[in-house]
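What follows is a set of notes on a single structure, which appears directly below.
The values are calculated or read from the model by the stated rules, or taken from the named source; none is laboratory data. Quantities reported herein were computed from a predicted structural model and do not represent experimental measurements. Here the Cβ positions follow ideal geometry from the backbone for every residue, glycine too, while neighbour counts run over all protein chains shown. The accessibility values were calculated without ligands, DNA or RNA, using every heavy atom of the protein model including side chains. Shrake-Rupley method; radii C 1.70, N 1.55, O 1.52, S 1.80 Å.
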Amino acid sequence: MSVTTRIVSEDEADLRLDRWFRRHFPTLTQGVLQKLCRTGQVRLDGKRVTTATRLAPGQTLRVPPLPAPPAPTDAPPPLDPKLVQEIERMVLYRDDQVIVLNKPSGLPTQGGPGIVKHVDMMLDGLRGDSEHRPRLVHRIDRDTSGLLLVARTPGVAAKLAASFRGRDVKKTYWAVVVGRPMPGSGVIDQPLAKLGAGNGALVIAADRKDEDAASARTEYEVVDAAGKKISWLALEPLTGRTHQLRVHCETLGTPIIGDPRYGGKAAHPEGFTDRLHLHARALDLPHPAGGRLQVAAPLPPHMKTTFKEMGFVAGDTPKPHYARGNAASSEAPRQRGKGSAK
């Protein structure tokens, strides 16, 4: 292979250099790419780059001769039709660029030790006839139900990831907790630190002076309450730390009902379904084509039961709404129904 030049496309805006190479040359290892960048063989507009450099449309990328790819292996088997049907049932909104899912409680977002079924492995069922495999933009905990955002191309994934990093995405969660926080609304500004690693890791409240402490802030509001025993909270994470909402509710003295890891016995009151009562209810985000997209997810069955028993009225779940706005162009996406293959 000789030296070639490639032009960064519009769809590749804000994509990291290493992810660009992973997309176009999937067999190239990270170590080899780092060496090519370090020795100046990969250049962007004639300048040296690192693997973390972000690309802009129209830039010229110098691609040096690359190692020959390994011999092809057998293609992975097609996704089980039952899993295709299952992931299709999760679709709340779909257009040419994004898909929004309503993940059930108990289903992991991604794989790990001992996990044989997860959302990420099921995304091939939403690929249709596209050359690109859909990809997750963010994650929610295994036991948390609700909204997951999926990008349909690498370029869209990069744009949405930039929106999440820039805090342009508003996320609203609903939780049912033991007790009633006082005051009834405010901001939880409690740094967090992680203890351990892997599936057994715990997140704890940390002192601001702690070297391992990470800033964590959550807006909360009591939407309704059954006296002082049980409350329905609306939570908006202003930062995105692991288990942030669960630990912040615990630090308020009002652990989320059914939390398997935080809150201890207090999180498992008698008479309630012993499942985590935390639901990713709503997303309000900039659409990659311009304007904003708003989507809400209905409550999972176990939380519906609790709402009914407590007399909490969630009301109707609003339909997805895409407001194109002035920034949208003639390329604004077309919304497709759940049954669409694309």
Task: Lone qualifier among G227, G196 - being free of Cβ contacts under 8 Å to residues at least 12 places away in the same chain, more than 20 Å from the chain's Cα centre (by Cα) and over 20 Å from H302 (Cα atoms) - done: G196
- [ ] Of the numbered conditions (1) open to solvent by 30 Å² or more (accessible area, probe 1.4 Å); (2) in contact (Cβ under 8 Å) with a residue 60 or more places away in the chain, K304 fails exactly one; give the number of that condition.
- [x] (2)
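In segment 100-113, which residue that is in contact (Cβ under 8 Å) with a residue 40 or more places away in the chain and open to solvent by 10 Å² or more (accessible area, probe 1.4 Å) is farthest from G200 (Cα to Cα)? Working first, answer last.
Of segment 100-113, the ones in contact (Cβ under 8 Å) with a residue 40 or more places away in the chain are 100-106, 112-113.
Narrowing further to those that are open to solvent by 10 Å² or more (accessible area, probe 1.4 Å): 102, 104-106, 112-113.
Values: N102: 26, P104: 22, S105: 19, G106: 17, G112: 12, P113: 11 Å.
Ranking the qualifying residues of segment 100-113, first place goes to N102.
Quickly run through segment 264-277 and pick out the residues that are of a type outside the set (K, R) and open to solvent by 20 Å² or more (accessible area, probe 1.4 Å).
First, the residues of segment 264-277 that are of a type outside the set (K, R): 264, 266-274, 276-277.
Of everything in segment 264-277, those that are of a type outside the set (K, R) and open to solvent by 20 Å² or more (accessible area, probe 1.4 Å) turn out to be G264, A266, H268, P269, E270, G271, F272, T273, D274.
Mind checking which residues of segment 263-277 are more than 22 Å from the chain's Cα centre (by Cα) and either free of Cβ contacts under 8 Å to residues at least 40 places away in the same chain or in a loop (DSSP other than H, G, I, E, B) (or both)? Steps first, please.
So the first thing to find is which residues in segment 263-277 are more than 22 Å from the chain's Cα centre (by Cα), and the list is 263-274.
Passing the criteria: G263, G264, K265, H268, P269, E270, G271, F272, T273, D274.
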Task: Set R62, R38, R48: member being in contact with a strand residue (DSSP E or B) (Cβ under 6 Å, 6 or more places away or on another chain), modelled with pLDDT of 90 or more, charged (D, E, K, R) and under 26 Å from A161 (Cβ atoms) - done: R62
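Do we have G128 as among the small types (G, A, S), at pLDDT below 95, farther than 14 Å from H287 by Cβ and over 12 Å from the mean Cα position of the chain (by Cα) here? Talk me through it step by step, then tell me what you get.
Details: among the small types (G, A, S): yes; at pLDDT below 95: yes; farther than 14 Å from H287 by Cβ: yes; over 12 Å from the mean Cα position of the chain (by Cα): yes.
Judged against the criteria, G128 is a match.
Can you find, within segment 226-249, the residue that is modelled with the highest pLDDT among those that are at negative phi, open to solvent by 30 Å² or more (accessible area, probe 1.4 Å) and small (G, A, S)? Explain how you work it out, then say what you get.
Our first condition is that a residue be at negative phi; within segment 226-249, this holds for 226, 228-242, 244-249.
Next cut, open to solvent by 30 Å² or more (accessible area, probe 1.4 Å) only: 226, 228-229, 236, 238, 240-242.
Those left that are additionally small (G, A, S): 226, 240.
Values: A226: 95, G240: 89.
The residue in question is A226.
Looking at Q97, is it surrounded by fewer than 15 Cβ atoms within 10 Å (Cβ to Cβ), in contact with a His (Cβ under 8 Å, 6 or more places away or on another chain) and not aromatic (F, W, Y)? Walk me through it before giving the result.
Values: surrounded by fewer than 15 Cβ atoms within 10 Å (Cβ to Cβ): no; in contact with a His (Cβ under 8 Å, 6 or more places away or on another chain): yes; not aromatic (F, W, Y): yes.
Judged against the criteria, Q97 is not a match.
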- [ ] For A280, work out the one condition from (1) surrounded by 18 or more Cβ atoms within 10 Å (Cβ to Cβ); (2) not in a strand (DSSP E or B) it doesn't fulfil.
- [x] (2)
- [ ] Could you list, in sequence order, all residues of segment 87-97 that are more than 15 Å from D129 (Cα to Cα) and either β-branched (V, I, T) or part of a strand (DSSP E or B) (or both)?
- [x] I87, V91, L92, Y93
- [ ] Might you check whether a residue that is modelled with pLDDT under 95 and assigned to a helix (DSSP H, G or I) occurs anywhere in segment 169-183?
- [x] no
TODO: Mind listing whichever residues of segment 121-140 are crowded, with 19+ Cβ neighbours inside 10 Å and either over 22 Å from P288 (Cβ atoms) or not aliphatic (A, V, I, L, M) (or both)?
DONE: M122, G125, P134
TODO: Could you tell me whether any residue of segment 146-153 is open to solvent by 30 Å² or more (accessible area, probe 1.4 Å) and either at negative phi or not in a loop (DSSP other than H, G, I, E, B) (or both)?
DONE: no
Open item on the list: When you check D210 against the structure, is it under 29 Å from L15 (Cα atoms) and not aromatic (F, W, Y), yes or no?
Closed with: no
